[in-house]
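To keep things clear, I will list the structure first and then write my remarks on it.
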Ligand code: DUC
Ligand code: ZN
Ligand code: ZN
C-alpha cells in the first residue's frame, strides 16, 4: 500500500460523535482527512482509487472486544479458528477482535499467551488483540500481570463461575483487582455465583431435569445480580475500575446502574443474543434449545427492555459478541441427556454490526450510539482509540461502507462462520455491509471476500482510555 491514496466519496460518515456528508482520504492505510463533499478542499484530492459511497453510510470498522476463537471448552473447542472467525468478522463489518488468551491452572500467563499468539499469528484476516483469562491467581501470575500491561495486554478476565476450571475465589479476585489498581490493567468479570449454580445443576439433574432449558433455569438471574454486586464491592475495596462482561439479567443492570449512580468506575457489556433472543429459544423442542446455551444464559424476554434502556442511559457501554461457536452436530450434542455437558457459547461475530443496525431501524438506539457501542467505546475501553473505533485523521483506515436500505435474511446457509447453525436463522435485517477496508486494504469488495489470512496484525493496546 506504500504511497497509495484512496478516496471514499459521497457517503454519510457516521462516528460516535458526528454524522456528516463527507469524503474520506486514505494514505498508506490511514485516514489523512475527512472533509465535506462538494467543498473545494475534498474536490481537490487526487487518488489512485476512488470508492463511490453514494447512498451508503461510511462507518468505522467494528471492534468486537469479546471473542473466543478456538477456545477449548467442555471437552471440545470453539469451531471457528482465527482464520475462519476473522474472515467472518470481516464479512460482518468487524475489523478488530479482542480475543481471550487463556491461562490454564498451574500455567504461567506467558505460556498461555504464547499459545494464543501461535494460534492467531499469520492466520487472521483482520486485526486482533488479546485479553488474558486468569485461572490461577497467585504471587507469580500477579507479578506477570505487570509485565503484560507494559507490553500492551491491558485487561484480564476473572470468573466467579466454573469452579475447578476458570473460577477464582473472592480473595483471588481481590488480589487481582488490587494489582490492576496499581498497574493500570482493567479487570473484566464473568459475574455469576458458580458455587451456588453448581448445587442447582446437580439438584436439577438428580430430579431428571436434563433438557437445555434447565441451563437457563439454574443459572438464576439473582445469582448473576449477586455476583455483580459482590464484584462491584470488591472493586471498591481494591480501588479498581471494573468491566462486567456479558450482562444478561435486569437485576444485574440495576446493580451496575446503582454503582454508577454512586460515581463508581463500573462498566457493563451486553451481547446481541441477550437483546434479541430469550429463554423461548432455550425451550425449543428436540434438543434445538442447545443451540442457545451460553453463560450467562439467555433470560426471559422481559429482561430485554432493561438492557436496551441500559444501552441508552450508558449504564451499559459496550455490545460485543462473546463469539464462542460450537456446531450443533457433534458438539452441542455432547449434552444430550445432560444440559451441563452442552458446550457453552453462541456464534455471532459476523452478525453484531447488522443486528445493532437493526436496533437503529427499530428505534432502540440512534445511529451514533450504534457506532459508539460497537466501535468507539470498545476501542476506548481497551486502549485502541483513536487507531481503531473512529474515522478521523491518524486513525487506521478500518472503514465499512454500509447500505442502510438493503434487506437480508440471516442464515447458516449464507453466513461465513464455521458453525452449522445460525442463532438468528430466518431473521430479517434491514442493512448490509457492502465494502470493508482494513488498514486501507479492501477485505470485502461489494460483498466479495478479497482479504487474506495473515493480513490481520496483532495490536498492542494502551490501558483503558474510557476513564481519561
Ligand atoms: N461463556 C460462554 O458462553 N462461553 C465461553 C465462556 C463463557 O463465559
Ligand atoms: Zn464469561
Ligand atoms: Zn466469553
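The values are calculated or read from the model by the stated rules, or taken from the named source; none is laboratory data. Bear in mind the structure is a predicted one, so any value in this text is a computation, not a measurement. Ideal geometry is used to build each Cβ from the backbone, glycine not excepted, and the neighbour counts take in all protein chains shown.
Evaluation of residue 308 against the conditions (1) within 16 Å of ligand 3 (Cβ to nearest atom); (2) part of a helix (DSSP H, G or I); (3) without any contact (Cβ under 8 Å) to a residue 60 or more places away in the chain shows that the sole unmet condition is (1). For beta carbons closer than 9 Å, sequence separation of 6+ or different chains, a first residue in the range 273-287 that is at positive phi and touching a residue at least 12 places away in the same chain (Cβ under 8 Å) and a second that is surrounded by fewer than 22 Cβ atoms within 10 Å (Cβ to Cβ) and assigned to a helix (DSSP H, G or I), the qualifying pairs are 287/333.
Listed by position, the strands (runs of 3 or more DSSP E) enclosed by the range 1-109 that each have at least 1 residues that are at pLDDT 95 or above and more than 21 Å from the chain's Cα centre (by Cα) are 5-14, 19-27, 30-36, 49-52, 57-60. Residue check: residue 194 meets all listed conditions (1) without any contact (Cβ under 8 Å) to a residue 60 or more places away in the chain; (2) in contact with a strand residue (DSSP E or B) (Cβ under 6 Å, 6 or more places away or on another chain); (3) within 26 Å of residue 381 (Cα to Cα) but one, namely (3).
Residues of the range 120-143 that are out of contact with any strand residue (DSSP E or B) (no Cβ under 9 Å at 6 or more places or on another chain) and either within 16 Å of ligand 3 (Cβ to nearest atom) or assigned to a helix (DSSP H, G or I) (or both): 139, 140, 141, 142, 143. For residue 161, the test of being within 16 Å of ligand 3 (Cβ to nearest atom) and either farther than 27 Å from residue 293 by Cβ or at pLDDT below 95 (or both) is failed. Within the range 379-394, being in contact with a strand residue (DSSP E or B) (Cβ under 9 Å, 6 or more places away or on another chain) and either over 20 Å from residue 32 (Cα atoms) or not in a loop (DSSP other than H, G, I, E, B) (or both) holds for 379, 381, 382, 383. Only one entry in 171, 216, 182, 208 is in a loop (DSSP other than H, G, I, E, B) and either surrounded by fewer than 23 Cβ atoms within 10 Å (Cβ to Cβ) or within 16 Å of ligand 1 (Cβ to nearest atom) (or both), namely 208. Of everything in the range 82-104, what is within 16 Å of ligand 1 (Cβ to nearest atom) and more than 15 Å from residue 415 (Cβ to Cβ)? Give them in sequence order. Matches in the range 82-104: 97, 98, 99, 100, 101, 102, 103, 104. Of all the residues in the range 226-250, those that are in contact with a helix residue (DSSP H, G or I) (Cβ under 6 Å, 6 or more places away or on another chain), farther than 22 Å from residue 346 by Cα and more than 16 Å from ligand 2 (Cβ to nearest atom) number 7. Of the helices (runs of 4 or more DSSP H) entirely within the range 228-302, those holding at least 3 residues that are within 16 Å of ligand 3 (Cβ to nearest atom) occupy 272-276.
Every test in (1) without any contact (Cβ under 8 Å) to a residue 40 or more places away in the chain; (2) away from ligand 2 (no atom under 16 Å from the Cβ) is passed by residue 265 save one, and that test is (1). Restricting the range 332-351 to residues that are touching a strand residue (DSSP E or B) at 6+ places or on another chain (Cβ under 8 Å) and within 12 Å of ligand 1 (Cβ to nearest atom) leaves a set whose member that is farthest from residue 293 (Cα to Cα) is 348. For the range 251-266, filtering for residues that are over 20 Å from residue 190 (Cβ atoms) and either at pLDDT below 95 or touching a strand residue (DSSP E or B) at 6+ places or on another chain (Cβ under 9 Å) (or both) leaves 0.
Would you check if there is a residue in the range 269-279 being more than 16 Å from ligand 1 (Cβ to nearest atom), crowded, with 24+ Cβ neighbours inside 10 Å and under 30 Å from residue 184 (Cβ atoms)? No; the residues of the range 269-279 include none that is more than 16 Å from ligand 1 (Cβ to nearest atom), crowded, with 24+ Cβ neighbours inside 10 Å and under 30 Å from residue 184 (Cβ atoms).
Only one of the numbered conditions (1) over 28 Å from residue 411 (Cβ atoms); (2) surrounded by 18 or more Cβ atoms within 10 Å (Cβ to Cβ); (3) under 22 Å from the mean Cα position of the chain (by Cα) is violated by residue 152, and that is (2).
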